[in-house]
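Below you will find the structure I want to go over with you.
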Amino acid sequence: MKVAVARFGLLALFSASVVFAQVDAPPGDGPTKESEEGIPVADALVKEKCGSCHAPDAKGNLSRISWIRTTPEGWAQAIKRMVRLNGLAITPEESRAVIKSLSASHGLAPEEAKPAMYIPEKRIVDETSIPNDSVRGACASCHAFGQPLSWRRSKVEWKQLQNMHIALYSQADAQYRRSADEDAGQPTGPNAPKRTRGEIGLEYIQKTAPLHTPEWSAWSARQRAPRLAGDWLVTASVPGQGRYVGTMTVTPGAAADEFGTRVTLQPIAGGAPVTRSGTGLVYAGYSWRGTSKGGAAPAKPDDLGSPAREAMWFAPDQQSAQGRWFWGDYQEFGYDVKLVRATAAPAVLAMTPASLKAGSKGVQVTIFGHNLPATLTPAAVDLGAGVTVTKVVSANPSQAVLTVDVAPGAASGQRDVGIAGAVLEQAFPVFRKVDYLKVTPETSISRLGGTRFPKGYQQFEAIGFDNGPDGKPNTADDVAAGPVDATWSMQEFMSVYYDDDVKYVGALSPTAFFTPGLEGPNPERRFGRNNYGEVWIVATAKTEKDRFGRPLSGRSYLVVTVPAYQRWDQPEVSQ
């Protein structure tokens, strides 16, 4: 599994970096002079701070800079590089202004940034966008593939970046030179072209992430100031802690792209509300980067009031947003959030329970919303095929409590919720039975700590799945029925015999929260080894059973490793 390694402190390992020093290709290794039109730099401060090294031309281009586009994080890394390696003198205020300017004039369009948002959101994901093993070997052996996908460059600049990798990293050079003949997805046979991974990777990224795109052309003309002040409706979920609904009030800040926030979230399962306040800055009209915290000091590592960083993607129409508010020394905790602008129109936000079983009768459900009708009839609520509202128990503008029946023959799959013209798509699934469990995350990493270094924790969940219409597990039509109540345990992962990892790596709570052990040699362990190791995290369902009457179970692979002793976002800067 290729993961977004940014979560473990290697934010921009290799390809996210920009080398502004001239690194020419070897003779015969492609052009080194630009033939593509650059993007002029008009900002006076950018020209003042960057123009002394990046030569301007008659069209207003600055060398290198005008043939690159990237995210706010990318430009921040570039400035850091210029300060540390090339002696750039720039104040924090000037740096922020330059990043804001370049993110607007040399940034990404919303459609370009969205597929790689998991990088600034610090998510661990399975990267499904890698087209073949050759590109994986060339571009994603050492860092997340989302890193190069967070950039747009001219063909010459992509080649220059590859040359930089060759110059600085022997492992990159070795990967580029490997033959692609045996890689999956490449033509084989006596007449197949003999190509290297480096050639295929460069060709792919030049085509996939070019400097000029229709999306950027459209956004350059369409881009406008973010007008986000007002009330927003929030839905959020936190692994192991449930789902939440609430509001975020956004107030204007000192500048047109700066804002203050006040958030109130109500647990869907009941309990005390969560309140947070913070600030945010919007780059390029849509990229929210902010911070927030609760009122009290955090009482535990996964405390919902912990100070958090925020990364959100606002839709171009400025009516909705999605992203992650995260915290932890390894960014392992966070809210997954969605926002929609609050208007006078009704809106449906969420429903509980999170799923309904076919054939169930008299189930009480609660629909959470905004400006819902205070007077409601069963006929006014549409829960999709096979789900009938039999009674309205109560109704007010923020929630409706209903009694529903689900037909025995109801097809498994997602349903929409519709009330008074408001629709929440894929609000809940109908499932026929829980056929198997999946423990999430399916693979994960935890970091030892607690003596001199912080710990890296991990929260697990057991999700029940219906096999879906085809009756086969682990296929595209499977239906996630939601979290399943389970008993949790650890089992040895048999990679090394007699190492007793389960005894030393850490502790798993009854709620599937893993706390790693201490770092450093352990005299009680064989050979005095550190407490690192590999284990299975096992969930055994308390009520769900297989066709033989045995409790369903699932497991996840966990690596418990040493702390991140050193962290950097650009390894060559630290040299």
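Working only within the range 293-324, note down all residues that are in a strand (DSSP E or B), without any contact (Cβ under 8 Å) to a residue 40 or more places away in the chain and open to solvent by less than 10 Å² (accessible area, probe 1.4 Å).
Residues satisfying the conditions are ALA308, GLU310, MET312.
Next up: Is at least one residue of the range 147-163 aromatic (Phe, Trp, Tyr), part of a helix (DSSP H, G or I) and buried (at least 21 other Cβ atoms within 10 Å of the Cβ)?
Looking through the range 147-163, at least one residue is aromatic (Phe, Trp, Tyr), part of a helix (DSSP H, G or I) and buried (at least 21 other Cβ atoms within 10 Å of the Cβ).
Pairs under 8 Å by beta carbon, first residue open to solvent by less than 20 Å² (accessible area, probe 1.4 Å) in the range 419-431, partner of a type in the set (S, T, N, Q) and not in a strand (DSSP E or B), six or more apart or different chains?
From residues that are open to solvent by less than 20 Å² (accessible area, probe 1.4 Å), the pairs are PHE428/SER355; PRO429/SER355; PRO429/SER412; VAL430/SER355; VAL430/SER412.
Another question, if that's okay. Has the range 170-186 got at least one residue that is under 19 Å from VAL135 (Cβ atoms), open to solvent by 60 Å² or more (accessible area, probe 1.4 Å) and among the basic types (Lys, Arg)?
Within the range 170-186, one or more residues are under 19 Å from VAL135 (Cβ atoms), open to solvent by 60 Å² or more (accessible area, probe 1.4 Å) and among the basic types (Lys, Arg).
With (1) in a helix (DSSP H, G or I); (2) open to solvent by 40 Å² or more (accessible area, probe 1.4 Å); (3) of a type outside the set (Lys, Arg); (4) at pLDDT 95 or above as the list, and ILE166 as the residue in question, which single condition is left unmet?
All conditions pass for ILE166, except number (4).
Ok, one more. Looking only at the range 514-542, which residues are open to solvent by less than 30 Å² (accessible area, probe 1.4 Å) and of a type in the set (A, V, I, L, M, F, W, C)?
PHE514, VAL535, ILE537, VAL538, ALA539, ALA541
Residues being in a loop (DSSP other than H, G, I, E, B) and either of a type in the set (Asp, Glu) or open to solvent by 50 Å² or more (accessible area, probe 1.4 Å) (or both): count how many of those fall in the range 214-228. Walk me through it before giving the result.
Quick first cut of the range 214-228, residues in a loop (DSSP other than H, G, I, E, B) only: 223-228.
Then keep just the ones that are either of a type in the set (Asp, Glu) or open to solvent by 50 Å² or more (accessible area, probe 1.4 Å) (or both); that gives 223-224, 227.
Going through the range 214-228 one residue at a time, the tally reaches 3.
Separate question: Is there a residue being surrounded by fewer than 16 Cβ atoms within 10 Å (Cβ to Cβ), under 30 Å from ASP302 (Cα atoms) and of a type in the set (Ser, Thr, Tyr) anywhere in the range 233-244?
The answer is no, given that none of the residues of the range 233-244 is surrounded by fewer than 16 Cβ atoms within 10 Å (Cβ to Cβ), under 30 Å from ASP302 (Cα atoms) and of a type in the set (Ser, Thr, Tyr).
Can you tell me which residue is nearest to GLY201 (Cα to Cα) among those in the range 106-137 that are small (Gly, Ala, Ser) and buried (at least 19 other Cβ atoms within 10 Å of the Cβ)?
Step by step, filter the range 106-137, then rank; the result is SER134.
Also, I was wondering about something else. Please go through the range 428-449 and pick out each residue that is assigned to a strand (DSSP E or B), more than 24 Å from THR543 (Cβ to Cβ) and more than 21 Å from the chain's Cα centre (by Cα).
Correct list: empty.
Can you pull out the residues in the range 325-353 that are part of a strand (DSSP E or B), of a type in the set (A, V, I, L, M, F, W, C) and within 18 Å of VAL250 (Cβ to Cβ)?
The answer is TRP325, VAL337, LEU339, VAL340, ALA347, LEU349.
The values are calculated or read from the model by the stated rules, or taken from the named source; none is laboratory data. Since the structure is predicted, the reported quantities are computational estimates derived from the model, not experimental observations. Counting neighbours? That spans all protein chains shown, and the Cβs are built from the backbone with ideal geometry, glycine included. Note: accessible area is taken over every heavy atom of the protein model, side chains too, but ligands, DNA and RNA are not part of it. Shrake-Rupley method; radii C 1.70, N 1.55, O 1.52, S 1.80 Å.
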